[in-house]
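First comes the structure, then the notes that go with it.
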Amino acid sequence: MPHVTGRHFLQIPGPSPVPDRVLRAMSQQVIDHRGPEFADLGLNALAAIKSIFKTQQDVIIYPSSGTGAWEAALANVLREGDRVLMYETGHFATLWKKMAEKLGIQAEFIGGDWRSGVDPAVIEEHLRKDSGHQIKAVCVVHNETSTGSTSPIAEVRRAIDNAGHPALLMVDTISGLGSVDFRFDEWGVDVAVSGSQKGLMLPPGISFNAVSRKALDAAAQGGTRRSYWDWKEMLDITGKGYFPYTPATNMLYGLVDAVAMIHEEGLENVFARHQRHAAATRAAVRAWDLEVLCQQQGHESGVLTAVLMPEGHSADAFRKAALKNYNISLGSGLSKVADKVFRIGHLGDINDLTLIGALSGVELALSKAGVPHSKGGVAVAMEHLLNTPSPGIDA
Ligand code: PLP
């Protein structure tokens with residue numbers, strides 16, 4: 001492989017680039033996870049992640065990718081034969097539903113067009129029909145990483161309450177947490193699932209379950225037979241800062257520093273920065289005369305923008321040209337939209353110039369790959385950034 005100069009632009013919607021400070025925090029010697037020094041690290045890591053979930057309730061940290069935390073969420077509260085209501089927002093909602101089915105859970109899947117988030121009114125309608133309260137949980141994806149649509153979680157809670165239904169609210173915020181607003185306690189979420197490699201600016205490797213009192217009660221009374229994923233085994237010991245098995249020690253070092261960085265910027269400023277960059281990206285896409293996949297105004301993701309390719313053009317060939325010529329990685333289209341969309345990640349440790357660099361890479365690659373478009377999207381994005389205050393800098 002010839003040497004490629006300059007830095008690689010990792011503009012996929014996670015894993016996102018890891019700040020040097022976090023890498024340095026992680027490059028410490030491993031310590032005894034049962035020794036006296038470890039308790040502080042464990043307690044600090046838990047306090048840190050709770051502040052991002054906006055919860056006073058319990059959070060569990062698993063040494064696994066997000067998929068493991070998905071399974072933990074299902075296995076702790078649901079058992080074979082239980083019914084759940086899920087919503088087809090895109091590829092990840094579909095995968096979570098497939099996992100539920102593999103565990104023997106009966107998933108009722110509300111169909112979606114992959115161009116919007118969930119409609120809380122449809123959830124309410126389904127729950128009202130379930131007068132016998134057979135549905136044990138409503139499972140939704142907060143930020144659908146395959147399409148770039150977010151879902152209104154507080155409104156889903158209201159829909160469940162309006163229907164007078166006791167179902168648990170389970171939310172995948174794997175790519176939402178730390179990038180778009182999420183309020184575990186205030187929104188009445190029962191189980192939230194997340195991962196390290198997106199808004200938290202860490203490498204892949206740890207994942208989370210935030211759990212409500214109601215979810216813990218459900219777990220105490222039921223769930224699937226489980227061991228590694230069992231919340232109780234974890235919570236019996238994590239209150240003291242320890243883990244029942246060997247934790248991902250160096251990821252915890254990173255987590256403490258990454259969350260410190262988020263709070264130094266200001267959590268609300270972080271959310272506003274993501275929205276500002278997302279809006280600038282959409283402005284560029286429209287100026288290129290291309291189409292944003294998410295069609296639901298107000299629900300476009302702050303984390304990523306999925307862009308539809310013009311008919312007859314391959315998104316994968318375009319991404320290949322972008323990588324070869326400009327050293328930029330863009331997200332691919334997944335399952336139903338494979339080769340039809342590419343995704344621009346604008347999450348985590350990025351600033352205005354990172355974004356402009358990334359959008360320039362896209363605009364150059366569109367020309368290089370012969371994709372029909374109008375020029376000048378980057379200039380429009382720059383204008384948008386100039387005219388929109390930068391939270392935390394202009395404040
Ligand atoms: N859910 C969402 C919304 C995701 O974006 C991802 C990964 O990108 C997953 C679930 C699966 O997580 P992981 O790949 O960390 O197992």
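The values are calculated or read from the model by the stated rules, or taken from the named source; none is laboratory data. Not measured: the values here are computed from a predicted model. Every residue, glycine as well, gets a Cβ built from its backbone with ideal geometry; the counts of neighbours run over all protein chains shown. Just so you know, the surface numbers come from the protein's heavy atoms only, side chains and all, with ligands and any DNA or RNA stripped out. Shrake-Rupley method; radii C 1.70, N 1.55, O 1.52, S 1.80 Å.
Suppose we keep just the alpha-carbon trace of the stretch 1-151; what are its Rg and Dmax in angstrom?
20.0, 65
For Ser332 and Leu364, FRET efficiency with R0 = 30 Å and r from the beta-carbon atoms, rounded to 0.05? If you can, show how the numbers build up before the last one.
Values: r = 19 Å, r/R0 = 0.63.
Given R0 = 30 Å and the Cβ-Cβ separation, E is 0.95.
Relative contact order of the chain: what whole-number percent is it, with Cα pairs under 8 angstrom and at least 6 residues apart?
Reported as a whole number, the value is 23 percent.
What whole-number volume per residue, in cubic angstrom, does the convex hull of the C-alpha atoms of the chain give?
In the chain, the Cα convex hull volume per residue is 144 Å³.
Run the numbers for Thr388 and Arg158: contour at 0.36 nm per residue of separation, minus the present Cα-Cα distance, in nm.
Here the answer is 79.5 nm.
Using the alpha-carbon centroid of each, what span in Å lies between the stretch 15-40 and the stretch 263-317?
33 Å
If the limit is 29 Å between Cα atoms, which of Lys320/Lys375; Lys54/Lys336; Lys324/Lys375; Lys54/Lys214; Lys102/Lys214; Lys50/Lys340 go over it? Let's see the in-between values first.
Working: Lys320/Lys375 20 Å; Lys54/Lys336 34 Å; Lys324/Lys375 21 Å; Lys54/Lys214 17 Å; Lys102/Lys214 25 Å; Lys50/Lys340 38 Å.
The pairs that break the limit, which is 29 Å between Cα atoms, are Lys54/Lys336; Lys50/Lys340.
Between the stretch 335-395 and the stretch 141-202, what is the separation of their alpha carbon centroids in Å?
Each part reduced to its Cα centre gives a spacing of 26 Å.
Please work out the FRET efficiency for the pair Arg79 and Thr246, using the Cβ-Cβ distance as r and a Förster radius of 22 Å; give the result to the nearest 0.05.
E(calc), rounded to 0.05, equals 0.15.
What residue among Val30, Val307, Val193 shows peak mean-square fluctuation when the chain is described by a Gaussian network model with Cα springs under 10 Å?
Maximum among the listed residues: Val30.
Per the Kirkwood treatment, what hydrodynamic radius in Å, one decimal, follows for the stretch 149-283 from the mean inverse distance over all distinct Cα pairs? Before the final figure, lay out each step's value.
Details: mean 1/r = 0.0593 Å⁻¹.
After inverting the pairwise mean of 1/r, the radius is 16.9 Å.
Identify the residues of the stretch 238-274 with backbone N under 15 Å of a label point that sits 7 angstrom from the Cα of Glu37 along the Cα-to-Cβ direction, or state none.
Once the point is set 7 Å along Cα→Cβ of Glu37, 249-254 turn out to lie under 15 Å by backbone N, inside the stretch 238-274.
Can you compute the label reach from Leu235? Point 7 Å from Cα along the Cβ direction, backbone N cut-off under 20 Å, restricted to the stretch 155-190.
166-173, 183-190
Take the eigenvalues of the Cα gyration tensor for the stretch 188-238, scale each by 5, and report the square roots as semi-axes in whole Å, largest first.
In descending order the semi-axes read 23, 14, 9 Å.
Which far-off residues, 5 or more places away or on another chain, put their amide H under 5 Å from the one on Gln11, with H placed in the peptide plane?
Under 5 Å from the amide H of Gln11: Ser329.
Per-residue ellipticity at 222 nm for the chain, helices alone: DSSP H runs ≥ 4 residues times -39500 (n - 2.57), over residue total, nearest 500 deg cm²/dmol?
-13000 deg cm²/dmol
Would you please state which residues of the stretch 89-103 a label at Gln295 would reach in this model, taking the label point 7 Å out along Cα→Cβ and a backbone N cut-off of under 20 Å?
Taking a point 7 Å out along Cα→Cβ of Gln295, the residues of the stretch 89-103 whose backbone N falls under 20 Å are 89-94.
Summarise the accessible area of the chain (1.4 Å probe, protein heavy atoms) by the percent that is carbon and sulfur.
Reported share for carbon and sulfur atoms: 52 percent.
Once each part is reduced to its C-alpha centroid, what is the distance from the stretch 67-123 to the stretch 212-259 in angstrom?
22 Å
May I ask what percent, to the nearest 5, of DSSP beta bridges between residues of the stretch 22-263 are antiparallel?
That works out to approximately 40 percent antiparallel.
Sorted by mean Cβ packing within 10 Å, highest first, what order do the peptides 282-289, 204-211, 368-375 take?
Those peptides, ordered most packed to least, come out 204-211, 282-289, 368-375.
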